[in-house]
1. Given (1) within 32 Å of the chain's Cα centre (by Cα); (2) part of a helix (DSSP H, G or I), identify the lone condition not met by residue 33.
2. What single numbered condition from (1) within 19 Å of residue 227 (Cα to Cα); (2) part of a loop (DSSP other than H, G, I, E, B); (3) open to solvent by 20 Å² or more (accessible area, probe 1.4 Å); (4) out of contact with any Asp or Glu (no Cβ under 8 Å at 6 or more places or on another chain) fails to hold for residue 284?
3. Taking the stated definitions as given, is residue 127 within 30 Å of residue 188 (Cβ to Cβ) and open to solvent by 30 Å² or more (accessible area, probe 1.4 Å)?
4. For the subset of the stretch 259-279 comprising residues that are exposed (fewer than 15 other Cβ atoms within 10 Å of the Cβ) and of a type in the set (A, V, I, L, M), which member is farthest from residue 296 (Cα to Cα)?
5. Counting just the residues of the stretch 202-217 that are without any contact (Cβ under 8 Å) to a residue 24 or more places away in the chain and assigned to a loop (DSSP other than H, G, I, E, B), which one comes out least open to solvent (accessible area, probe 1.4 Å)?
6. Counting only residues that are surrounded by 12 or more Cβ atoms within 10 Å (Cβ to Cβ) and in a loop (DSSP other than H, G, I, E, B), which one in the stretch 61-89 is nearest to the chain's Cα centre (by Cα)?
7. In the stretch 184-201, how many are open to solvent by 20 Å² or more (accessible area, probe 1.4 Å) and not in a loop (DSSP other than H, G, I, E, B)?
8. Could you figure out which of (1) open to solvent by less than 30 Å² (accessible area, probe 1.4 Å); (2) outside any helix (DSSP H, G or I); (3) out of contact with any strand residue (DSSP E or B) (no Cβ under 7 Å at 6 or more places or on another chain); (4) of a type in the set (Val, Ile, Thr) isn't true of residue 154?
Amino acid sequence: MYKKIIIRESEIEGLKSKDNKMKILIDSVGEVDREYIADPFVALVNSIVFQQLSSQAATTIWNKFKDYTSELEPNNILQTSDEGLRNCGLSKRKITYIKNIAEAVEKNEIDFDSFTLMSDEEIIKKLIKIKGIGTWTAEMFLIFSLNRKNILSTNDLGIRKGLQWLYGLKESPSKKQFEKFKSKFSPYNTLASFYLWEITAKGYHLKYDDIEEVNLKNNVAYFDSPIGLLEIQSAQEEIISLDFIKERRYEEKLDPLLLESKKQLQAYFNGERREFDLPLRINGTRFQNKVWKELIKIPYGRTSSYKDIAVATGNANAYRAVGNANNKNNIAIIIPCHRVVGSTGTIGGYGAGVWRKEWLLEHEKNFC
């Protein structure tokens, strides 16, 4: 029933040439393995079964459905009892949709042979006349039965999530943005779909901030602190990031600097170290760099207000900008943004969670 979709090297290279972020994604994922259903009627029925279900649940129902009907032919489906189909796990609505398709084929309202001479748009218009087949189902049919090469479904949630993450969009792409992506990837939109689906399949959007992080070229270490897992990255003998994260994202790639970083962090959390002696790379705007340098000057166990830091940078009215710079600090603890509080003594915000800020301040107070 299933056959492998053949993806040519020329298509991969063609899509890579369209966009650098897509190129990095392709290089990160590697080869994709997709299958199609050669029988167009079976492919349409399959798409109905899989509508709005998880892959695991839909596969279970599909296998029961195939075993029960024995022959996936329109006439056979029409003669199969609704009760028997419900016992396979199909809803009443999906049974109706499947029989609508079978009836349309039997009445020659759908001539699959004619599809070879029709454009993608013409096929979609033809199919959506049948109740139960929407635009998304028709587009999936074009990909997973007819092997059409230029389909990027605007109605597909996985594709929309993939585009949003890959291109750093604040929201799901607008209609205008989506059309620009389709134009950019053409004539390789189907291949782009395969790779965009891999973003959510592999959980890239949950583990990484952007595609650049997936193929990490920096050295990396992890430190289990009393308040959560820390990821430390270095490059060219400088610390470039230290963040609280939920889980390990990479294999550790240690260098002497990272080993020393872990040693100093252990001493800090043991209450044995008040200052860090590590080379840092701080890459921000001119103002952000000023703020971060002032943060390093705040003594262990002490706090400064956002306004204090603003004054120190030479602009007393820039306290809100100081808060924004704190949020952009990606070298936690070593650049101690946790030591900045409100002018009235309020704790203020903290990107890794206010509870961590409170813990760090209390920890330092206990060892002063």
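1. It fails just one condition, (2).
2. Among (1) within 19 Å of residue 227 (Cα to Cα); (2) part of a loop (DSSP other than H, G, I, E, B); (3) open to solvent by 20 Å² or more (accessible area, probe 1.4 Å); (4) out of contact with any Asp or Glu (no Cβ under 8 Å at 6 or more places or on another chain), the lone unmet condition for residue 284 is (1).
3. Values: within 30 Å of residue 188 (Cβ to Cβ): yes; open to solvent by 30 Å² or more (accessible area, probe 1.4 Å): no.
When the stated conditions are applied, residue 127 does not pass them.
4. Among those that are exposed (fewer than 15 other Cβ atoms within 10 Å of the Cβ) and of a type in the set (A, V, I, L, M), it is 259.
5. Only one residue tops the list, namely 203.
6. Of everything passing the filter in the stretch 61-89, 89 is nearest to the chain's Cα centre (by Cα).
7. 5
8. All conditions pass for residue 154, except number (1).
The values are calculated or read from the model by the stated rules, or taken from the named source; none is laboratory data. The model shown is predicted, which means the values in this text are computed figures rather than measured ones. Glycine gets a Cβ as well: all are built from the backbone with ideal geometry, and neighbour counts include every protein chain shown. The accessibility values were calculated without ligands, DNA or RNA, using every heavy atom of the protein model including side chains. Shrake-Rupley method; radii C 1.70, N 1.55, O 1.52, S 1.80 Å.
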